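The values are calculated or read from the model by the stated rules, or taken from the named source; none is laboratory data. As the structure is a prediction and not an experimental result, all values here were calculated from the model. Please note: Cβ atoms are built from the backbone with ideal geometry, for glycine as well, and neighbour counts cover all protein chains shown.
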Amino acid sequence: MRDRRTRPAVWFWAAALCVVVGLATCLVALVEAFGDELGDNVDVNCLSVPPPEGYPLEGPFRGIRSIWPFGTACEFGPQRGQGVLVPESDWTATVTGLLGVTITAGGALTAGGGIVIARREVGGERASTASTRS
């Protein structure tokens, strides 16, 4: 029979693995979304985006970092806030980021579950030890 004291260690390592994998997945999503535009190169991704109907091909544009969907949105127009905003069309980075957050949260919940189980086992052992002594 397995020693009951090893169970919290299994919970801990499962939780640690989930958190590490989740954070690595979030890092991959960040690099995927913003890797091309490190520094001030936000406009680079907008070169391949066709302008909306009614705007000239050589018209002014600027790239804007976007959180939803994760990546770069392109604004076509003369001044910031007065143009047409074309959002990121690739949702891969957003889905990867959400997956990373979900795995990290699962790791945190696993750690919490492991702590609760460990406390119950310790509490149960104390109660059984106290009843055998009296």
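Taking segment 11-30 only, how many residues are among the hydrophobic types (A, V, I, L, M, F, W, C) and either within 11 Å of the chain's Cα centre (by Cα) or surrounded by fewer than 13 Cβ atoms within 10 Å (Cβ to Cβ) (or both)? Full working, then the answer.
In the first step, residues of segment 11-30 are kept if they are among the hydrophobic types (A, V, I, L, M, F, W, C); the result is 11-21, 23-24, 26-30.
Filter once more, so that each one left must be either within 11 Å of the chain's Cα centre (by Cα) or surrounded by fewer than 13 Cβ atoms within 10 Å (Cβ to Cβ) (or both): 13, 19, 21, 23-24, 26-30.
Looking only at that region, the number is 10.
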Of residues in segment 25-65 being of a type in the set (A, V, I, L, M, F, W, C) and part of a loop (DSSP other than H, G, I, E, B), the one modelled with the highest pLDDT: VAL49
